[in-house]
Amino acid sequence: MSTMAETRSRRPRRRFTDDFKQQAVRLVVDEGKSVGAVARELDLVPSSLGQWVKQAQADRSKGRTGLTTAEREELVRLRKALRIAEEERDILKKATVDSGRRCNAMNDRRDHAARETIANDRQRQGSDLGTMEAR
């Protein structure tokens with residue numbers, strides 16, 4: 001039982017120049033042809049041509065019908081900057097927690113050493129008092 005997708009081989013991804021895209025969009029927008037008809041004429045996938053048309057309309061209307069190309073580029077740049085800032089924040093959070101644990105462990109060691117020193121000093125003082133009384 002084979003499906004249609006299995007029998008049809010996949011077409012390799014193609015790249016189109018900006019000039020080609022503009023001419024294809026012009027056929028749809030300026031000459032009033034349908035996206036499907038132009039896509040068939042130029043051997044394109046209708047969804048790709050539709051995206052080009054949508055983007056061109058947004059650019060022509062200065063963003064009233066969607067994001068312009070410049071706005072899309074800025075959005076991509078800002079999202080990347082946000083992702084980097086969030087990664088840096090997470091790294092700093094982990095470093096703060098780790099250093100806090102280390103600091104607490106160091107403080108515990110210092111406190112323990114200080115308690116031992118005080119206890120030793122008291123013992124010495126007690127033994128010093130005992131020798132003083134014997135004199």
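On the given criteria, is LEU44 of a type outside the set (Val, Ile, Thr), closer than 14 Å to LEU27 by Cβ and not in a helix (DSSP H, G or I)?
yes
Among (1) at pLDDT 80 or above; (2) part of a helix (DSSP H, G or I), where does LYS33 come up short?
Single failed check for LYS33: (2).
Do the conditions hold for SER34, that is, is it closer than 29 Å to ARG13 by Cα, more than 24 Å from the chain's Cα centre (by Cα) and either surrounded by 10 or more Cβ atoms within 10 Å (Cβ to Cβ) or among the aliphatic types (A, V, I, L, M) (or both)?
Yes; evaluated as a whole, the condition is true for this residue.
Of all residues in the stretch 81-135, which are among the charged types (D, E, K, R), part of a helix (DSSP H, G or I) and modelled with pLDDT under 75?
Once the filter is applied, which keeps residues that are among the charged types (D, E, K, R), part of a helix (DSSP H, G or I) and modelled with pLDDT under 75, the stretch 81-135 yields ASP98, ARG101, ARG102, ASP108, ARG109, ARG110, ASP111, ASP128, GLU133.
The values are calculated or read from the model by the stated rules, or taken from the named source; none is laboratory data. What you see is a predicted model, and the numbers here were worked out from it, not measured in a lab. All Cβ positions, glycine included, derive from the backbone under ideal geometry; neighbour counts span all protein chains shown.
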